[in-house]
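Derivation of every value follows stated rules applied to the coordinates shown; laboratory data play no part. Just so it is clear, the model here is predicted, and its values are computed rather than measured. Please note: Cβ atoms are built from the backbone with ideal geometry, for glycine as well, and neighbour counts cover all protein chains shown.
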2 protein chains.
Amino acid sequence: MGITIYDIAKAADVSIATVSRVINDTGRVRSKTREKVLKLADEMGYHPQAFAQGLASKKKNTIAVVVPVISNYFFMEVLAGIQDQLSNHEYELNIINIKSDEDLFAQAEHLLKRQVAEGYIFISIHFSDEKWKSLKRYSKSIVIVDDWHKDFDSVNVDDKHGAYAATKHFVDQGYKKIAMISALENSKPIIKRIEGYKKALEDSGIEFDENLIVTGDSSYRDGFSEKNGYQAMKKLLAMDPLPDACFSASDIKSIGALKAMKEAGVHIPLISYDNLAISEYIGLSTVAQPMYEMGSIATEYLLERIDNNDKKISHTVYTPEIKLRESSNKPESISSTE
Amino acid sequence: MGITIYDIAKAADVSIATVSRVINDTGRVRSKTREKVLKLADEMGYHPQAFAQGLASKKKNTIAVVVPVISNYFFMEVLAGIQDQLSNHEYELNIINIKSDEDLFAQAEHLLKRQVAEGYIFISIHFSDEKWKSLKRYSKSIVIVDDWHKDFDSVNVDDKHGAYAATKHFVDQGYKKIAMISALENSKPIIKRIEGYKKALEDSGIEFDENLIVTGDSSYRDGFSEKNGYQAMKKLLAMDPLPDACFSASDIKSIGALKAMKEAGVHIPLISYDNLAISEYIGLSTVAQPMYEMGSIATEYLLERIDNNDKKISHTVYTPEIKLRESSNKPESISSTE
DNA sequence: CTGAAAGCGCTTACAG
DNA sequence: CTGAAAGCGCTTACAG
């Protein structure tokens, strides 16, 4: 089943080499021959089979994006940037989801060894220094987004700075008891955000209280869910006295937190992290990660590296910008609309 | 570069056939031989190359999910269902994004011809009857989500019914001037939703006014964006008198619409469509599509079809359920919190 | 239990 | 400009 290069070679009365040449538009072919082949290929509905081409040419015209969870708003925005950037090129996009409850490293290594793609973008996958280093030996084109290693091109956000800025904003407003909604997993970004939060308190002479860092109990999506944020805020609302303000490590969690506050009829000024498209519309103050741009730049880096693997390694670190909207306002100022 | 089956055959002093057998765990192999091979394969870091395996075995252990836009909340939820269902199987997931500004059919056909996967799930891709029929000849395992054709397994939601129910709810509340926020594209679901909306008005003896169906000007993501919803609501807010209520064709658009109303200090009861995870948290009344379940069922269908292509064709049509939350309330009842 | 060999559908030097 | 042939890295009857 399926029609092959042999079928159309026979029909056109030429060799398969010639067919291959016209299909790929490589090498000189008499225009008459070319037309005949093209016509037949079209009529017979011929398309080269991806696997055979990949094997023979040793090129897979595919870019693989590797993520731990696909259904995540952060990835979605990064993916949008990758997609748009890639649409100017002939590569196909292949999104591969590695399972977060299994050995991430083994899965990543497996992908590299199986050589499924020409280049890889790893998003939010965190490995130790040695592990990243050991992946280097597959000498594949790889770009890391949301993690860092000196041997690979990478695109990052200065998480510590972002968290610092958010926390500092609250300090400047005169708040003392500043809580933080974290996430279950000790991923590098979360660790960095906690560092920034602590540093801001420290610089302001406010004593750090570990009880003020909370997370919900739901472990779905590593705690990056509305529900988890809702649970986390419930914990904060049970404190007496209430926190003066709250820094939340992700927008999606903040949506849950906002609901918990609304139900309780209480408003604690909140700044969160991400700046998803919806955040602007629901008035969420947040530390903006340029997600779309991150995907776009990562793709550029990858394309360049595929082109020339000797190219100097590039690292981009974005300094996130704080977007102040309603959610960080003082309780009084929004009480009229709450 | 890359180590192959030959390398480990040589090292283990066996034939490549034997190596293949132990790697794939097919056929009887003396346990001593097996162990030796396994050990070497592990040490030398061997993994079969996907392309070579695919060519030789004519099996690609990959499922392709084909979508017009990846960064879309509806797909994300459906994908979550697919992912989870697939995680019980050995297939790899491959998400392929076809470009909505090019010939969708040609792209779909291309994928089928290139034989990139063992089976395909097409999500929200709408073709005419003849086009679907013509895809049938590739005799690939295909499941359609969010469209329908008699020759393929499919998973759908009764859009007409959903829109009818939402509109009818407003009629029952005594509203007469009921607007609808639509989307740019004339996709089948939107057409069905408009039908349901009209039917509900008709059944209630309310005259249909085409000016009450609006959409925004932003064409990003075919109009399924916060911004477009915001623009659409602005148009409704410019009407005099204002509409009594509004049915919106998607949650993401409703988020924009909600903002427009808030800015104007006006509340028009709103019911929308989808029931994204966030909708519950922001109090959005909506017609719930069981997106996760749709992905899950579609995956089951596909797996069954791959297993047995003679299997009878299955169609599932969900009757969506209406979730009433704050956004559909009467203006008075929420004025205290607006 | 194991190996030699053909074949999967292409690409690509090498000749001519 | 075009063809014969080798080769990509596997799988899988077919023998033994």
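Observations on the model:
- Value of Rg to Rh for the stretch B:5-48 (Rh from inverse mean 1/r over Cα pairs, i.e. Kirkwood): 0.89
- Within-12-Å neighbourhood charge of A:LEU86 [Cβ basis; K, R +1; D, E -1]: -4
- Less than 5 angstrom separates the built amide H of A:LYS323 from those of A:THR286, A:VAL287, A:ALA288, all sequence-distant by 5 or more or on a different chain.
- The calculated FRET efficiency for the pair A:GLU304 and A:LYS59, based on their C-beta separation and a Förster distance of 25 Å, comes to about 0.90.
- With R₀ set to 45 Å, the beta-carbon distance separating A:ASP13 from B:TRP148 gives a calculated FRET efficiency near 0.55.
- Taking A:THR33, A:THR286, A:THR215 as the candidate residues, the one with maximal mean-square fluctuation in a Gaussian network model of chain A, Cα springs under 10 Å, is A:THR33.
- Highest mobility in the GNM of chain B, judged by mean-square fluctuation with C-alpha springs under 10 Å and restricted to B:ILE123, B:ILE213, B:ILE282, is found for B:ILE282.
- Considering only beta bridges that DSSP places wholly inside the stretch A:56-203, some 0 percent are antiparallel.
- Volume per residue of the convex hull around the Cα atoms, evaluated for chain B, comes out as 169 Å³.
- Between this copy and the others, label points of B:SER31 are 7.1 nm apart in ascending order, each placed 7 angstrom from Cα in the Cβ direction.
- Per-residue mean of C-beta atoms belonging to partner chains within 10 Å, peptide B:78-89: 2
- For chain B, built as a Gaussian network whose Cα springs stay under 10 Å, the top-fluctuating residue of B:LYS32, B:LYS312, B:LYS131: B:LYS32
- Rounded to whole Å, sorted largest first: equivalent-ellipsoid semi-axes of the protein assembly as shown, Cα gyration tensor: 46, 35, 21
- Restriction of the GluC sites (Glu not before Pro) in the stretch A:180-242 to DSSP coil positions whose beta-carbon has at most 13 other beta-carbons within 10 angstrom yields A:GLU207.
- Proximal charge balance of B:TYR230 [Cβ under 13 Å; K/R count +1, D/E count -1]: +2
- Whole-Hz couplings from phi, Karplus 6.51/-1.76/1.60, listed for the stretch A:74-80; x for Gly and Pro: 4, 4, 4, 6, 5, 4, 4
- Potential lengthening between B:ILE191 and B:HIS315 on full extension [0.36 nm per residue; Cα-Cα distance subtracted]: 42.6 nm
- Highest to lowest packing among B:167-177, B:316-326, scored as the average C-beta count within 10 Å: B:167-177, B:316-326
- Compactness of the stretch B:130-273, taken as the C-alpha radius of gyration over 2.2 N^0.38 Å, stands at 1.16.
- Approximate spin-label separation B:HIS110-A:GLU293, in nm, with each point projected 7 Å along Cα-to-Cβ: 3.1
- Comment: the Cα-to-Cβ extended label point of B:LYS58, at 7 Å, lies 2.9 nm from its counterparts in the other copies, nearest first.
- Under Karplus coefficients 6.51, -1.76 and 1.60, residue-wise ³J(HN,Hα) of the stretch A:193-199 in Hz, glycine/proline x: 5, 5, 4, x, 4, 5, 4
- Sequence ranges A:260-272, B:249-261, ranked by mean other-Cβ count within 10 angstrom, highest first: B:249-261, A:260-272
- Integer Hz, Karplus 6.51/-1.76/1.60 couplings in order for the stretch A:87-102, x for Gly and Pro: 5, 7, 10, 8, 6, 9, 9, 10, 9, 10, 9, 9, 7, 6, 9, 10
- Cα-Cα P(r), the stretch A:219-302, percent of pairs per 5 Å interval: 3, 15, 23, 21, 16, 10, 6, 3, 2, 1, 0
- Extension gain, A:ASN24 to A:ALA264, is 79.9 nm, computed as 0.36 nm per intervening residue step minus the present C-alpha separation.
- Antiparallel DSSP beta bridges within the protein assembly as shown, percent to nearest 5: 10
- Between copies, the label points at B:THR319 (set 7 angstrom from Cα along Cα-to-Cβ) are spaced 6.0 nm, reported in nanometres from shortest to longest.
- Using the rule -39500 (n - 2.57) for each DSSP H run of four or more residues, divided by the residues of chain A, the 222 nm mean residue ellipticity is -14000 deg cm²/dmol.
- A:SER134-B:ASP158 FRET efficiency (beta carbon distance; Förster radius 41 Å; 0.05 resolution): 0.20
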